[in-house]
Each structure stands twice: as C-alpha cells, then as structure tokens.
C-alpha cells in the first residue's frame with residue numbers, strides 16, 4: 001500500500017498492520033495453556049501428560065491457521081482479539097481435561113448416563129470447527145456491510161433459531177431449561193447462534209430507523225419520549241424475550257437479547273430515554289415473570305440464600321460454587337489440586353469459572369475477567385473506529401452482548417446476581433458456544449480490519465498535482 | 001454515534017469492575033469463612049487426604065491407615081486388634097466422626113495442630129505434604145492383652161491398670177468390645193454397622209473401664225480402712241476393734257450381715273479385711289461419720305471426673321447420708337459407685353506409699369519426624385494417706401492375698417496385695433453380682449503395677465461369683481505381664 005507515491009492528501013497514513021504483534025501474542029496464547037496443561041498433569045499424576053505434544057500442536061495449529069488467514073484476509077485487523085480468544089479457548093480446554101480426570105465426575109456420569117466419555121476431545125473438535133468458521137467468515141465475508149442486505153432474513157432466522165427448542169421432537173429439556181435442540185447425536189444451543197444473527201438484524205434495522213427513532217419525540221421532564229409507534233420494535237423485542245423466559249425458562253438469553261437491543265438502540269439514537277425505557281421494561285418483565293414463574297422464583301431464592309436448607313434440597317450448585325471460590329483464596333490451590341468437582345452437574349460448562357477460582361485463585365480469576373474485559377474493549381474500540389454506522393452498530397452489539405453474557409454468567413456463579421443457564425464464552429464446554437463465539441470474533445476482526453485499513457490508493461490520476469480528492 | 005459508544009464502553013467497564021469487586025469479596029474477604037464452611041466437604045476431604053498419624057504402644061503403632069479407592073476421602077483408619085485397643089484409642093470414622101484419643105489428639109494425628117504450625121509452614125515452602133504426628137501412649141501391650149483375653153472369656157467387664165509411681169495407665173480393657181475398623185470408612189454398610197453396635201443391648205461401644213460406674217462392694221473397704229487409720233480411729237492393724245456381732249446399724253433395727261459365718265467379732269483391721277467383714281467396716285464408717293469418709297474418698301479421686309486425657313466418669317461417694325447409709329456406703333453399697341479406673345487409683349495410691357499420681361495414658365505427642373511436641377511429666381494428685389498408714393494398709397492387703405479371699409492373685413516370688421469385692425445389685429439383689437478385684441504387685445524396686453478388675457453379669461452361677469474366683473486371676477495375669485515385660 002505505498003500510497004506515498006501519490007501526493008494526495010489522504011491515504012498517506014500508513015497504519016501499521018500489527019500482524020507481528022499478533023503473532024508474538026499468539027505464541028504466548030499457545031504457551032500459557034500448554035504450561036497449564038503440564039501443571040495439571042504434574043499435579044494429578046506426577047507426570048507430564050502424554051497428550052502434551054498433541055495438544056500443543058493442535059492448539060498451535062489452530063492458532064497458526066487463524067493467524068495466517070488474518071494476515072492474508074484481514075491484514076489490518078485488531079491484533080489482540082485472536083490471541084485473547086485463543087488463550088481463553090486453550091485454558092478452557094485444559095480445565096475441561098482436568099475435570100475429565102475427576103473420579104467423582106466420572107462416577108457421576110456413569111451413574112447418570114451409564115457411561116463416562118471425556119469432554120476434552122469433543123471440545124478440541126468444537127474448537128477446530130470454531131476456528132474453521134472463523135476462517136470461513138474472514139475468507140467469504142470480504143466486507144461486513146454485505147450483511148446489511150440480510151437484515152430481514154436475519155430477523156426471520158433469529159426468530160426461528162430462538163423458537164427451535166420449542167418445536168416438539170426437536171427441543172430438548174435438560175434440567176429445566178429448554179434451550180437445546182437435538183440433531184443427530186448432537187445437542188445444539190441455537191441461542192448462541194441467534195446472538196449473532198439478531199445483532200445483524202438490529203444493526204441493519206436501527207441504521208435505517210435511527211433518525212425516526214431519535215428525532216421524532218416529545219420532550220417531557222428533560223427526557224425525550226419516543227412516539228408510540230416508534231415504541232413498536234422495542235416492545236416486540238421485549239415481548240420476545242419475555243416469551244423466551246416463560247416458555248424456555250431461560251433467564252440468561254432473554255436478558256442478553258433485551259440488553260443488547262437497548263445498548264444498540266441507545267447507540268443508534270443517542271437518546272438516554274431509551275435506556276430508561278429499557279431498564280423500566282426489563283424490571284417490569286423480570287418482576288412480572290418472577291411473580292408467577294416458579295423456576296425463576298427458585299433461582300432468585302437460591303441466589304439470596306444459597307446455603308439455606310430449602311435451597312440445598314433443590315440444588316447445592318451455587319453453594320458449591322461459592323465454596324470453591326472461597327477455598328481457592330487469593331492464590332488458589334494450584335491447577336489440578338482443587339475439589340471443584342464437588343459442583344457436580346455443569347462443573348465444566350456453566351460453572352467452569354469456579355474451577356478457575358479454586359485452582360488459580362483470585363489472581364487467576366481476575367486475569368480471566370480482565371481478558372474478557374479486553375476483548376470487550378477491543379470490540380468497543382472497533383465500533384469507535386468503524387467508519388460506517390452499520391459496522392459501528394454491529395460491533396457494539398456483538399461486544400455488548402459478549403460483555404453482558406460474561407457478566408451474567410460469572411455474576412451468576414459468583415453469587416452476584418441470580419444464576420442463569422449460560423456458558424462462559426470460550427472457556428466452557430459446549431460446541432455451540434465455542435463455534436458461535438469464534439464466528440463472533442471473526443466478524444469483529446473483519447469490522448476492525450475494514451476500520452483500520454488505509455483507504456485504497458486512488459487510481460493514478462494525471463491531474464493528481466492539481467486535484468485534491470475529497471473523500472467522505 | 002461515538003458519544004454513546006464511549007458511554008457503553010464505560011458501562012462495560014463497570015460490569016467488569018463489578019465482577020472484579022465481587023471476586024475480591026468472595027476470594028479475599030470471605031475466603032476463610034467459605035473455605036471452612038460447615039457444608040464445605042473440602043474440610044473432610046482434606047482431613048482424610050493423607051495417612052493419619054499413629055497411636056503407639058511399646059514403640060509400635062497399634063493403628064494404621066488404608067487407602068479407600070473410589071472415595072474422595074482417601075485414607076481410612078485401621079487397627080491392629082481393634083477390639084482389644086478400642087477402649088484406648090476410641091474410633092475414628094469418616095462417617096461417624098471420632099471419639100476418645102482419636103478425637104482428643106485429632107489435631108496431632110491429622111497434622112492440623114497449631115503446635116505443628118511452624119513445621120507446616122516450612123513444609124508448604126518446601127512443597128512437602130502435610131503429615132500427621134504420633135500419639136505415644138503409656139500402655140503395655142502384654143498387660144493389655146492379658147486383660148482383654150482374661151475378660152473375653154468371662155463376658156462383660158473391664159480392667160484398668162496403673163503404674164503407681166507415675167500414674168501411667170498400663171492397661172485399659174473393656175468387654176464386650178467392638179472393632180473400630182468395622183466402620184472407619186464412609187459407606188452405608190459401615191454406618192449401619194455402627195448403628196447396630198449402638199443399639200446392641202450389651203453396649204459394646206461403652207468404654208467400661210472409664211465410663212461405667214459399678215458399686216465397688218468390698219473393695220471399697222480399703223478406702224474405709226485408710227480413713228480409719230488416717231483419722232486415728234485405730235492405729236494398730238492387729239489390735240482389736242470395737243466391733244460387736246451382730247451389729248445393728250444406728251437408728252435402725254436392721255442388723256448388717258456378713259457373707260457367711262466369719263470371725264468378725266472385735267476382729268483386728270487385718271483380720272476384718274482378710275475375711276471381708278461388713279460389720280467391722282460398716283461400723284468404722286458409721287463411727288467416722290460421712291464427712292470424714294467423704295474427705296478420704298475425695299482424696300482418692302472420688303466425686304470428680306478424671307481426664308487421662310480421655311474423660312473418665314466421676315465415681316460417686318454420696319455426700320448427703322444418714323448414719324445407716326454411711327455404714328452401707330463404707331462397705332461399697334448404697335449409692336457408692338466407682339469406675340474401674342477409680343479403684344485402680346485407690347490400689348495405686350496405697351502401693352505408692354500413700355501418694356496418688358495423676359493417671360494419664362499419653363506419654364508424648366510427636367511430629368512425624370518423631371520430634372517431641374508435648375511430653376507428659378508425672379504429677380502428684382493428692383496424698384490420701386501417710387506413708388506409715390499406707391504401709392500398714394499394704395500389709396493388710398498382702399494378708400488378703402496370702403491367706404484371705406484373694407489367694408487366686410498370688411504370684412510366686414512377687415509380693416501381691418489385693419482386695420476382693422462382690423457387689424450386689426438389682427432389685428432385691430436379684431441380678432448377678434459384680435465381681436471385683438483390686439490389687440498391686442511389689443518387687444524390690446517398688447510397685448510397678450496396680451490393677452482393678454470388674455466382671456459383671458457373669459454367666460457363671462451366682463454362688464460362684466466372687467471377686468476372688470473370677471476377677472483375681474485376671475488381675476494376676478495383668479500384673480504378671482507387667483512384671484515380665486520389665487525384666
């Protein structure tokens with residue numbers, strides 16, 4: 001991109017691509033989980049695990065492929081996103097493998113399903129599929145603005161995805177939450193994919209309607225109140241999330257969608273009143289549903305009194321999770337040396353952070369949370385840097401959803417808010433989650449590449465010396 | 001659109017900050033209370049995560065630890081000859097918990113004791129695993145075996161043996177016993193075994209040597225004799241006492257009966273003890289009065305719990321009695337009740353020339369590398385009688401064994417002093433009496449052992465039961481075992 005050969009006033013900002021920074025960080029992102037893996041092996045059996053080489057090569061290969069594709073197809077992309085996602089995915093794999101070794105969880109699986117099958121190999125496969133999707137996004141999505149064309153298809157797609165678990169024969173009720181579907185031998189959590197699709201729909205829709213929503217309003221007590229008809233979409237989304245909550249008993253997903261919509265609406269219209277409306281409506285929805293839905297009530301009770309007898313009769317998950325965090329203390333017991341398998345069900349998915357808490361301590365969990373914070377920060381920065389409103393909205397929608405999901409899940413397992421059935425992105429065991437989040441990172445990388453890419457050099461112009469190119 | 005974007009960035013920052021704050025609250029502020037929470041199974045897991053320290057007898061462990069595959073509680077307790085040692089160690093069960101020594105010295109055995117703190121800190125730095133220490137007992141394996149084997153053939157009973165010069169407990173047996181190894185683990189079967197034992201009518205879980213009080217019967221007469229000598233009621237053990245026969249208890253019309261037709265009229269103290277005269281000692285108690293009797297009994301350890309360090313029930317000498325009750329109490333009837341340990345203490349005080357040493361069974365607490373954490377030094381508890389009087393009483397007790405009711409306890413070449421007892425109980429004395437024997441042995445270098453034996457509810461017929469017949473042979477075997485082990 002030697003735009004300096006031309007004397008035009010723009011295009012001379014030879015932004016560094018930062019690909020080498022990414023490569024160096026990726027090396028750390030592969031080595032850190034590798035050491036963690038060795039650590040677990042040494043703690044559990046006193047030997048370096050035999051899978052060490054295979055695991056190292058596998059993770060290194062995935063990271064390498066990701067890096068090469070980014071270098072080739074999104075050369076100016078944000079250099080942090082890929083390494084951050086890789087280190088989380090790698091550490092998640094290690095801890096899933098660590099929990100696979102737990103005799104308690106093995107016995108539990110045998111008692112419940114008749115056989116125990118380790119989760120780590122599956123998760124490694126899902127990670128590979130996730131990277132493949134990431135690569136696919138970067139190769140085939142040359143420009144994120146293409147997605148704008150699919151605004152309304154996305155809407156239909158999102159609704160279908162969200163409602164799939166309710167289809168009889170397809171939906172799967174696992175421990176009270178109906179958020180899975182079964183296809184062949186696999187269970188899929190369509191909500192994870194719907195997260196991305198619905199962000200595309202919101203971005204496309206809001207980009208078109210933002211002026212109408214922002215300007216046509218009445219001022220009342222310092223707030224700009226939207227017109228009744230403009231309230232339509234927000235009410236539709238609100239109602240959808242309430243329906244999800246009631247029929248799929250999935251507090252997390254409904255919170256996620258509603259939160260994402262309010263964030264995007266606020267960014268699109270720059271109207272604080274939308275936030276006020278959003279908070280009001282989610283409060284009304286939450287209290288309303290909680291007043292007649294026993295499932296939600298139980299979760300709130302369990303959150304308020306995790307150690308009460310009534311709660312422990314239902315589930316001791318939260319109590320076990322809190323005790324795992326507490327037992328870890330500041331420095332943790334060391335990988336492989338904790339007893340987080342006491343959590344039992346979902347120890348390696350929804351509650352995986354508790355294992356980090358016990359075995360890596362306060363220090364480890366803070367590091368993990370900061371890595372998530374950095375991913376969100378890079379996403380927001382991408383939104384800021386993006387030059388087109390659709391890209392801005394999509395980037396902030398995806399990173400906002402990511403942030404809300406991290407908050408809702410870790411807040412739930414740490415007892416900050418009531419527990420919801422969602423997974424920690426990248427860390428937790430679960431194919432849908434890993435695959436969807438890699439796609440999400442792929443889209444963010446694509447947007448950031450477009451945002452940071454220097455403008456293409458203008459065609460050679462004989463009048464270059466005299467003409468100044470003015471670019472919007 | 002950038003202004004709201006920045007605000008959203010701040011909002012996301014706040015979300016992360018809230019999580020960080022909550023995490024600090026959980027893992028720093030509340031960490032300790034959560035880690036030690038009563039519902040936190042890690043406490044139990046940690047407790048059984050390494051082999052438990054051992055309880056040592058004669059330099060060798062009588063306990064061990066065994067890995068329990070398939071359980072998150074890695075090691076469980078094992079015993080070598082559990083039924084024999086159960087009264088000494090108590091049990092330590094993953095399901096039920098622990099009692100007695102296993103409970104009292106749990107900190108040393110698990111390695112959690114604060115006195116091991118410095119070592120633990122060092123271990124943590126050097127990466128060594130925490131290890132439990134040992135509890136070294138004063139027991140004598142041969143004496144314990146003699147006591148347990150002797151009792152086993154005779155149904156229910158208990159033996160306590162003490163080294164009179166130090167107070168060290170040498171034997172502590174109780175039958176019927178139980179094997180604590182039967183329920184050391186955490187399975188439902190083991191829990192059921194414990195429940196069965198707990199419900200057993202024969203009460204195998206009760207440590208009779210420390211926790212059961214029996215009417216001591218005639219063995220209490222040595223206490224009464226001590227009181228008579230100490231209070232100057234009689235000085236000469238061979239002089240005549242003022243003892244009419246038959247003797248009617250004061251303020252009553254009931255004559256106190258002797259067992260059979262024995263020469264008790266004005267019998268000397270030596271003779272009265274030899275044939276076990278109820279009338280003589282009943283009258284002594286009545287003459288001295290309840291206060292003086294109580295004073296002497298208390299000096300021997302009655303009416304207070306002993307901690308050896310396992311708690312022993314308080315033996316009882318009634319505090320509030322009229323004259324006839326005092327007379328009855330002075331021959332070990334009425335409400336007088338004693339643990340076998342208490343009666344062994346009585347014998348040991350007499351054998352030790354009047355000085356009662358505090359009984360104890362833990363000599364030393366050791367760290368895993370055998371460093372001493374705590375060592376017991378023998379302590380005087382009281383002086384129930386003077387040296388001269390103690391020696392007089394010794395002569396009397398030796399006569400009992402030489403030519404009285406206790407001839408079964410004779411050991412060739414060793415001076416043995418003793419006293420038999422046959423205590424009646426049950427409504428109208430209907431049940432089998434308790435057969436008692438208390439004794440001590442003396443060699444050239446002082447007295448190495450004092451012992452008390454009680455056999456209850458023997459299956460033998462009522463007539464056969466007498467302390468001399470049933471209990472004395474056990475006492476003899478225990479004393480022999482101690483003397484042989486000292487050679």
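Computed from the coordinates by the stated procedures, all read-outs in this text should not be read as laboratory data. Bear in mind the structure is a predicted one, so any value in this text is a computation, not a measurement. Virtual Cβ from ideal backbone geometry, glycine too; neighbours counted across all protein chains shown.
The Rg/Rh ratio for the range A:75-181 is 1.07, where Rg is the radius of gyration of the alpha carbons and Rh is the Kirkwood radius. Take the Cβ atoms of residue B:202 and residue B:257, set R0 to 45 Å, and the FRET efficiency comes out at 0.90. Between residue A:208 and residue A:309, the contour length at 0.36 nm per residue exceeds the alpha carbon distance by 31.0 nm. Legend: ranking of residues B:312, B:377 from fewest to most surrounding C-beta atoms inside 10 Å; resulting order B:377, B:312. Largest first and in whole Å, the equivalent-ellipsoid semi-axes of the protein assembly as shown read 88, 28, 22, each the square root of five times a Cα gyration tensor eigenvalue. Calculated FRET efficiency, residue B:129 to residue B:305, Cβ-Cβ distance, R0 = 56 Å: about 0.90 to the nearest 0.05. Ranked for footprinting exposure by Cβ neighbours inside 10 Å, fewest first, A:440, B:294 give B:294, A:440. Taking one quarter of the surface of the convex hull spanned by the alpha-carbon atoms of chain A gives a direction-averaged projected area of 25.5 nm².
Inter-label distance, residue B:78 to residue A:284: 7.1 nm, where each label sits 7 Å from its Cα along the C-beta direction. Remark: A:256, A:213 ranked as A:213, A:256, counting other beta-carbon atoms within 10 Å and listing the fewest first. Taking only Cα atoms, what is the 0 to 90° angle, nearest 10, from helix B:387-403's long axis to the longest principal axis of chain B? Helix B:387-403 and the main axis of chain B meet at about 70 degrees. Against the empirical 2.2 N^0.38 Å (N residues), the range B:235-379 has a Cα radius of gyration ratio of 1.32. Dividing the convex hull volume of the alpha-carbon atoms in the range B:15-135 by its residue count gives 152 Å³ per residue.
For residue B:43 and residue B:248, the FRET efficiency from 1/(1 + (r/R0)^6), where r spans their Cβ atoms and R0 equals 51 Å, is about 0.20.
For chain B, the longest principal axis of the Cα atoms and the long axis of helix B:472-486 meet at an angle of about 60 degrees. In a fully extended conformation the segment linking residue B:14 and residue B:298 would gain 95.0 nm over its present Cα-Cα distance, using 0.36 nm per residue.
Once the Cα-Cα distance is subtracted from the 0.36 nm per residue extended length, the residue B:3 to residue B:369 segment shows a gain of 124.9 nm. Give me the tail of P(r) for the range B:1-81 as a percent: Cα-Cα pairs with distance above 19 Å. The share of Cα pairs beyond 19 Å in the range B:1-81 comes to 65 percent. Using the rule -39500 (n - 2.57) for each DSSP H run of four or more residues, divided by the residues of the protein assembly as shown, the 222 nm mean residue ellipticity is -16500 deg cm²/dmol. Kirkwood Rh over alpha-carbon pairs of chain B, then Stokes-Einstein at 37 °C and 0.692 mPa s: what D in µm² s⁻¹, rounded to an integer? Taking Rh from Cα pairs, D becomes 134 µm²/s.
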